[in-house]
Amino acid sequence: MKLVRTFLALALVAGLAFAQTVDYFSFTTDQAHVDELEALIEVFEAQNPGITIEYTTAPFGDYFTRLQTDFAAGSPPDVFELNFENLATFASRGVLAPLDDLLGTDGRDVFYPAALDAFAYDGTQYALPITFSTVVLFYNQDLFDAAGVAYPTDAWTWDDVMAAAEAINDPANRVWGIYQPVQFWEFYKVAQAAGGGLQVAPTIAIDTPENLAALEYLVGKIEAGVMPTDAELSGVANEDLFANGQLGMLVSGIWMFDRFAQSSFDWDIAVEPGGARQATHFFSNAAAIAASSPEREAAWKWVEFLAASPEVAAARIESAWELPALSLDNADALAPYLARPQPANREAVFASLAFAVNPPVVDRQPELQDIVNQELEAARLGSKTPAQALADAQRRVEALLAD
Amino acid sequence: MYERGARRWLTLALFLGPSLIGLALFLVGPIVASLALAFTSWDLLTPPRWVGARNFVRLADDPEFWTALRHTLQFLAGYLPLVMTTGLLVAVALNGRIVGRAFFRAVYFLPVVASWVAVALVWKWLLNPAFGLVNFLLAQVGVAGPAWLFDPTWAMFSVVLTSVWKDTGFVMVVLLAGLQGIPREYYEASAIDGAGPAQQLRFVTVPLLMPALFFALSISLINSFQVFDQVYVMTGGGPAGATTVLVERIVRQAFSFSRMGYAAAMSWVLFVLIFVVTIAFSRAQKRFA
C-alpha cells in the first residue's frame, strides 16, 4: 500500500515536471470566437502532448489595463494578443521576448510581409501577426436600385460617394445615404487619402490644408444631411442601421460579413473610394511572448500555431471574421474564402491591401488617440469648425509630445 | 465587568482585528502608497521612477486638469442648490399629515439605494433624443427637446438632473430627521402671531433646521467634488470632452493612459481641495448654526 502511494506521488511529481502550462490572454470575447479558440486549443494540445493552454479573455476596452496590471504584479501571461498601436509601448519597455531567432529567415516567408513588418520594433520581431482585416465600402444594392444609382466601382472617388448618398438619402423615413465614422481610425486614413496624413514625427503636422480637406469631407456628409447626426443615431450602432436597411453605404470592416449575411436585402462591397489618392485600413492582431515567461519554448509553439498553422488558417476562413495574416501566395488556403457567395466582390478585400496605410504610433498612444478623438467629436457635433478642431488638435498633440 | 491587562488587549485585538486588518490592507495601505506614488513616474510595465514634485508642477499647467476642475465646479453649482431645494421641499411636504406618507418617503428614498450604474443606464434611455420618454413627453406639449447627452451644451445639465433625481431622497431623509426635532409649539405660536406657511418655512423651519441643512450640504458638497459614476456611465466624459470631471480624469490617467504617478498626484490635489473646502465650511457652520 505504501509502495503504491509512493509510486503515485512520484508519478505526480514527474508529471508536473514535464507538463507545461502556457497562459494565453486574448481580447476576443464574443462566444462564437471563444468556441473557436477552445476548438483550436484542443487541436494544439493533441499535436503537442505535455503542453496545456489556459486562456483568459477580457473585452478590448479593459484588455490593456488588465495586461499592464499583470505585468506590474510580476505575473504576465506567457502569450498575449497585441495590436499595432500598442506594440511600441510594450516593446520599448523591454517586456517582450525577441522572436527573430525562433522565427528564422525561412519562417518569415509564410506571412503577409506588411503584417509581419508591423510587429517589428527597432529592427527586432516582437510578435507574430495572427489575423488581419481591412475596411471596405459596404453598399445596399436594393437602395441603390431604388434610387437608380449605378453600383460603386473601384474607380469611384469621394464625389461619386456624395452624389450616390444624396440620391439615396431619405431622412424622413430614417434612411440615410451613408455612414462613415468620424474618429481617430477613420481620420488617419482619410487624411492620407486626401494627400495629407496624421503626421507626428519628425515634426507634428496635423493642422494642414490636406487634413482640413479630409475632415471637411468627413463632417460634410453630416452637414449635407446624408449621414445621421449623433442625436439622430441616438445610440443605435451604425452597423445595426446598415443591417436594418437604413443606410445606402457604410464604411466598415470585413469582420461584419457574417453579421450582414443575415440581412433581408442584397449588398456587396467595393474598395474604399479615395480623394486625392486611395487609402485603406490594414488592421492586424498579433501574439507576443512575455520576456519573463519561463515557458518560452512551449509559448513559441503556441504562437507559431496561432499565426501560421493550416488548422488555424482554415478555422479563420471558415468563421469569416478576420483572415489569417499569411502570404497571398498561399492561394489554396484563401480559395474557400473567395468562393463564398456573399459579398460577391470578395476580391475587394485583397485589392484593398494595395492601398493600406498605417496609423501614427507614439509612445503615448492612448493619449494621442484621446486628444484626436475629442477634437474630431467636437467637429462632428458642430461645436467646433473643422479648422478650429485641427488647430486645437495640433496644439494639444504638440504639448503632449513635448512633455 | 472589564477585563484587565494583556487579556483585555487580546480580547480587543480579536474583535477589532479582522476589520482593522482589512482597513489597513485595502484602505490605509493604498492611501499611503498613493502619496509615495505621486512623486514617481510609473507606467506599470517598468518599475516606478522617483521624479520629485514634477507631477504637481505639470498639473499646474495641464489644461485638461483645469478644464476638469471647471466642469466639476459647474456640476457643483448646478447640483448643490437644486438637490438642497428639492430635498427640502419634499421633506417639508412629507413631514405634514398627508395620505400615503410612509409610501412616498420610501419611494423618494428608493433611488438613493439603487446602484448608480442602473440609474445612469435608465436615465440614458429616458433622455435618448430619438426614442426617449422625456423628449416624447416634451413633444406632446409642442416642445422640441434637446439632444441631452449628445449635445455638449446640455450634457452636464443632464448629469446634474439625474444626480438631483437620485440624491433628493438622501437630503430628504436627513432633513426629515431634523424636522421631527422641531417642537410643534413653535408653529402654533407663530400661527397665532399671524405667520402663513411661507413665513413659517422662512422664520421657523429653516433656522431650526440649520444643523441638518449643514450636514446634508457638506455631504453633498464632498460628493459633488467626487462626482464620477454617473459621468462614467452616461457620457464617459463626452461629448467632445464636455463632461470631463476630476475623478474621471484620475481614472483615465491611471487606467487608460497608464500614468499612475500623475493620477496619484491628481488624487492628492483633489483630497487637499476637498479637505480645505470642508474645513472652511465647518468654520462657517459654527458661525451660522
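The values are calculated or read from the model by the stated rules, or taken from the named source; none is laboratory data. Being a predicted model, the structure only gives us computed values, none of them experimental. So basically every Cβ, Gly included, is an ideal-geometry build from the backbone, and we count neighbours across all protein chains shown.
Here are some notes:
- Restricting attention to the range A:78-107 and to residues that are within 26 Å of A:H281 (Cβ to Cβ), over 17 Å from the mean Cα position of the chain (by Cα) and of a type in the set (A, V, I, L, M, F, W, C), the residue that is nearest to the other protein chains (Cβ to nearest Cβ) turns out to be A:F90.
- Residues located in the range B:179-194, provided they are without any contact (Cβ under 8 Å) to a residue 40 or more places away in the chain, surrounded by 14 or more Cβ atoms within 10 Å (Cβ to Cβ) and part of a helix (DSSP H, G or I): B:Y186, B:Y187, B:S190, B:A191
- Failed item in (1) surrounded by 14 or more Cβ atoms within 10 Å (Cβ to Cβ); (2) out of contact with any Gly (no Cβ under 8 Å at 6 or more places or on another chain), with B:M172 passing the rest: (2)
To keep it simple, each residue is scored yes or no on (1) part of a loop (DSSP other than H, G, I, E, B); (2) farther than 20 Å from A:A391 by Cβ; (3) modelled with pLDDT under 95.
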| site | (1), (2), (3) |
| --- | --- |
| A:A172 | no, yes, yes |
| A:I178 | no, yes, no |
| A:G196 | yes, no, yes |
| A:P202 | yes, yes, yes |
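Let's see how each residue does on (1) surrounded by fewer than 21 Cβ atoms within 10 Å (Cβ to Cβ); (2) more than 19 Å from A:F80 (Cα to Cα):
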site: A:A261; (1), (2): yes, yes
site: A:S264; (1), (2): yes, yes
site: A:A270; (1), (2): no, yes
site: A:A291; (1), (2): yes, no
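- Residue among A:A155, A:A163 that alone is surrounded by fewer than 17 Cβ atoms within 10 Å (Cβ to Cβ), among the hydrophobic types (A, V, I, L, M, F, W, C) and not in a helix (DSSP H, G or I): A:A155
- Members of the range B:78-128 that are outside any helix (DSSP H, G or I), touching a residue at least 12 places away in the same chain (Cβ under 8 Å) and away from chain A (no Cβ under 14 Å): B:A114
- Pairs, first among the β-branched types (V, I, T) in the range A:100-115, second not in a helix (DSSP H, G or I), C-beta under 7 Å, six or more apart: A:V110/A:L326; A:V110/A:S327
- Any chance A:P343 is under 30 Å from A:R93 (Cα atoms) and either surrounded by 19 or more Cβ atoms within 10 Å (Cβ to Cβ) or assigned by TED's automatic domain parsing to the domain that holds A:F84 (or both): no
- Residue that is farthest from the other protein chains (Cβ to nearest Cβ) [pool: residues in the range A:354-375 that are of a type outside the set (G, A, S) and over 27 Å from B:D43 (Cα atoms)]: A:F355
- Residue in the range A:303-317 that is buried (at least 20 other Cβ atoms within 10 Å of the Cβ), more than 14 Å from chain B (Cβ to nearest Cβ) and outside any helix (DSSP H, G or I) present: no
- Every residue from the range A:258-273 that is among the hydroxyl-bearing types (S, T, Y) and either in a helix (DSSP H, G or I) or within 13 Å of A:E239 (Cα to Cα) (or both): A:S263
- Residue satisfying all of: in the range B:30-77; more than 23 Å from A:V95 (Cβ to Cβ), of a type in the set (A, V, I, L, M) and within 14 Å of another protein chain (Cβ to nearest Cβ); surrounded by the most Cβ atoms within 10 Å (Cβ to Cβ) among these: B:A68
- Filtering B:R202, B:R287, B:R283, B:R252 for residues that are of a type in the set (D, E, K, R) and within 14 Å of chain A (Cβ to nearest Cβ) leaves a single hit, B:R252.
- Reported count of residues in the range B:129-176, each being without any contact (Cβ under 8 Å) to a residue 60 or more places away in the chain, among the polar types (S, T, N, Q) and within 20 Å of B:A91 (Cβ to Cβ), is 0.
- Output for the range A:320-340, where each listed residue is modelled with pLDDT of 80 or more, assigned to a helix (DSSP H, G or I) and not aliphatic (A, V, I, L, M): A:P336, A:Y337
- Lone unmet requirement of (1) over 29 Å from A:S327 (Cα atoms); (2) in contact with a His (Cβ under 8 Å, 6 or more places away or on another chain) for A:N173: (2)
- Pick from the range A:349-376, criterion touching a strand residue (DSSP E or B) at 6+ places or on another chain (Cβ under 6 Å) and part of a helix (DSSP H, G or I), ranking: farthest from A:A276 (Cα to Cα): A:S352
- On inspection, A:V251 does not qualify as within 14 Å of chain B (Cβ to nearest Cβ) and either of a type outside the set (S, T, N, Q) or in a strand (DSSP E or B) (or both).
- Any hit, the range B:214-233, residues being within 14 Å of another protein chain (Cβ to nearest Cβ) and closer than 30 Å to A:P366 by Cβ: yes
- Subset of the range A:349-399 (residues that are free of Cβ contacts under 8 Å to residues at least 60 places away in the same chain and touching a Pro at 6+ places or on another chain (Cβ under 7 Å)): A:S383
- Of all residues in the range A:68-77 being closer than 29 Å to A:H281 by Cβ and either in contact with a Lys or Arg (Cβ under 9 Å, 6 or more places away or on another chain) or more than 11 Å from chain B (Cβ to nearest Cβ) (or both), the one that is modelled with the highest pLDDT: A:P77
- Against the numbered list (1) over 30 Å from the mean Cα position of the chain (by Cα); (2) over 24 Å from A:A399 (Cβ atoms), B:L25 comes up short only at (1).
- Of the residues making up the range B:37-56, none is in a helix (DSSP H, G or I) and small (G, A, S).
- Residues that are away from every other protein chain (no Cβ under 14 Å), part of a strand (DSSP E or B) and out of contact with any Gly (no Cβ under 6 Å at 6 or more places or on another chain) are absent from the range A:220-242 altogether.
- Which listed residue is surrounded by fewer than 17 Cβ atoms within 10 Å (Cβ to Cβ), of a type outside the set (K, R), part of a helix (DSSP H, G or I) and within 10 Å of chain B (Cβ to nearest Cβ), from A:A379, A:A389, A:A399: A:A399
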